[in-house]
Amino acid sequence: MIAPGLQISQFKLLIIRTTLQEIGLASDAAVNLLLGTALVESGIYFLRQVKGPALGLWQMEPATHDDCWHTFLNQKPDLAQAVRLIAGRETPTASLLIGNLPYACAMARIKYLRAPSPLPVATDATALSAYHKQFYNTPLGAADPAKNAAAFQQAINA
């Protein structure tokens, strides 16, 4: 699951935690959820979905990216500005999900922020995996919460 040359403890600290702190949405649960999500969505390896439209290590579809901006971030100016700073541009596009890891991380967190349920306990891999399935992957997606719990445990341990 680990891409050659990418050390997940550093990824967790230097990309995920740092990004979430910069946008004011850091918590241990959020950090573990986002690392686990990247592990199960792309293996922290694929920058573009092999057979589909999803982009970046968190495999967000361009339509989801755009919806996050149009129906959520545009109504939250302070958060939107923090995300724009991470993106490095006033009008971020979905193509940034491929090469701008902090931006892709921030957008994955925004997708979870829209979920109606609070984040699970930071150290509960089973609950984190189920939350991912329910609020990120969707019921029709290929994620298997039971199978993916091991990746979320890896995220917790990193």
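The values are calculated or read from the model by the stated rules, or taken from the named source; none is laboratory data. Computed from a predicted model, the values in this text were never measured in an experiment. Every residue, glycine among them, receives a Cβ derived from its backbone with ideal geometry; neighbour counts consider all protein chains shown.
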### Query
Within region 79-101, can you find the residues that are free of Cβ contacts under 8 Å to residues at least 12 places away in the same chain and closer than 12 Å to Ile23 by Cα?
Ala80, Gln81, Arg84
### Summary
Of the residues in region 27-62 that are in contact with an Asp or Glu (Cβ under 8 Å, 6 or more places away or on another chain) and among the hydrophobic types (A, V, I, L, M, F, W, C), the one that is surrounded by the fewest Cβ atoms within 10 Å (Cβ to Cβ) is Ala54
### Query
Name the residues in region 107-158 that are part of a helix (DSSP H, G or I) and either among the polar types (S, T, N, Q) or at pLDDT below 95 (or both), would you?
Thr126, Ser129, Gln134, Asn137, Asn148, Gln153, Gln154, Asn157
### Task
Kindly indicate whether any position in region 135-144 is without any contact (Cβ under 8 Å) to a residue 40 or more places away in the chain, among the aromatic types (Phe, Trp, Tyr) and at negative phi.
yes
### Task
Identify all residues within region 98-151 that are touching a His at 6+ places or on another chain (Cβ under 8 Å) and farther than 17 Å from Ala63 by Cα; write none if there are none.
Ala143, Pro145, Asn148
### Task
Quick one: which helices (runs of 4 or more DSSP H) lie wholly within region 31-105 and hold at least 2 residues that are over 22 Å from Ala130 (Cβ atoms) and among the charged types (D, E, K, R)?
62-71, 77-87
### Message
Take the residues in region 114-134 that are among the aliphatic types (A, V, I, L, M) and crowded, with 18+ Cβ neighbours inside 10 Å; name whichever of them is nearest to Ala155 (Cα to Cα).
### Response
Ala125
### Task
Only residues that are touching a residue at least 24 places away in the same chain (Cβ under 8 Å) and either touching an Asp or Glu at 6+ places or on another chain (Cβ under 6 Å) or not in a helix (DSSP H, G or I) (or both): list them for region 15-26, please.
Ile23, Gly24, Leu25
